[in-house]
1. According to the square roots a ≥ b ≥ c of the eigenvalues of the Cα gyration tensor, what is the shape class of the range 18-123, taking rounded for a/c under 1.5, prolate for a/b larger than b/c otherwise, and oblate for the remainder?
2. Could you work out the relative contact order of the range 233-285, using alpha carbon pairs under 8 angstrom and six or more residues apart, expressed as a whole percent?
3. Could you give each residue of the range 216-231 its phi-based ³J(HN,Hα) in whole Hz, using Karplus coefficients 6.51, -1.76, 1.60 with θ = phi - 60°, and x for Gly or Pro?
4. Once you sort the root eigenvalues of the Cα gyration tensor of the range 78-170 as a ≥ b ≥ c, which label holds: rounded (a/c under 1.5), prolate (a/b larger than b/c) or oblate (the other case)?
5. According to a simple spin-label model (label point 7 Å from Cα along Cα-to-Cβ), what is the distance in nm between Leu67 and Ile97?
6. What's the long-distance tail for the range 198-285, i.e. % of Cα pairs beyond 23 Å?
7. Report, by chain and number, residues whose modeled amide H sits under 5 Å from the one on Leu212, excluding near sequence neighbours (fewer than 5 apart, same chain).
8. Compute the distance from the alpha-carbon center of the range 112-134 to that of the range 175-252, in whole Å.
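Since every read-out is calculated from the coordinates, none of them should be taken as a lab result. As the structure is a computational prediction, the values presented were derived from the model and not from experiment. Every residue, glycine among them, receives a Cβ derived from its backbone with ideal geometry; neighbour counts consider all protein chains shown.
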Amino acid sequence: MFQEFGKPIMLLSLDNLALLRLFSAMGMIKSKTLFDILFEKFNLIVDHHRETLDPDSPRDFLDCFLLQFYDDQSPELEAESRLSIRNVLLDLFIGGIETTGTSLTWSVYFLAKHPEMQRKLQEELDAVVGNKSVRLADGDKLPYTKSTISEIFRLSSVFPMAVFHATTTDSTADFEGFKLPPQTLVSSHLMMILRNEREFPNPEAFMPERHLNSSGQFQPSSHLIPFGLGKRRCLGETFARNIFFLFFANLSQKFNFEAVHLGTEPEWGFTHGTPKFSLKVTKRF
Ligand code: HEM
């Protein structure tokens, strides 16, 4: 991707739309959208999977999809399936990469900002797991680690407003006294719920302990909804939670994160990003 945009004439054009149109009309550049580039990559991946597919031993989601929908079809159906798999891959890619990456970036920001929390976390990981790699099965024995993860998801609110949905009923829906006619756009303001003072007292403070009960066990609140609500909540939630746990717990166990510079203003983009920061990272063992 960077190679494509790195051509001098392309870079010049990206700064100036008039130049982009002119160079394109002269045939000097073929501009591609990010989607074109992604779709080309997806096609290569799909082709490779088809060539190496073993029906008795599917390796991943794509193999399962191919086995289910792709084979023994008419050319028209095959073209349709290719389009459909391309769009599914796009949904997973767009939905998964930025959100998970930004959440992990927040996690090291919080580790550096709260050294006492980092120490407590490492004490728990050292006592329960030692020097071995942390595995998903260790989760139940790591209440402080799980509470810290919940607090990271709560305060980072990387996806502050859920996707827009619409009421589909024929009649007007009644929601807590509000009348919602058919086809009303609805989106939940997740960040407001995650920072609701009634449920999370002192909501702006980073306090992993708020997710522990009086006997020190992990007890998540039903208001902790960083992945949304209802039937259309995040499709990748289980995957994202597992990946996040593995990365976060293993990074915290193996490295110390020390703040060099910590900004305070979050950077808004497609997601709610961290302030600018830099860290000193050292190996623990
Ligand atoms: C920390 C990581 C993630 C967070 C915080 C997150 C959060 C969300 C939220 C808030 C929604 C909107 C739910 C709604 O409208 O009610 C959503 C939708 C979605 N997410 Fe995630 N997500 C994460 C990771 C992932 C991953 C890893 C994948 C894919 C593997 C994924 C795929 C999707 C898809 C496909 C949707 C649309 C679901 C639908 O409309 O039915 N997400 N996500």
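1. Details: a/c = 3.73, a/b = 1.31, b/c = 2.84.
The shape class here is oblate.
2. Values: 52 pairs, mean separation 18.3, N = 53.
Over the range 233-285, the number comes to 34 percent.
3. x, 8, 5, 9, x, 7, 6, 8, 8, 10, x, 9, x, 9, x, 4
4. Prolate is the answer for the range 78-170, as a/c is 1.5 or above and a/b outweighs b/c.
5. Distance between the two pseudo-spin positions: 2.8 nm.
6. Values: 1743 of 3828 pairs.
Everything past 23 Å amounts to 46 percent.
7. Gln219
8. 24
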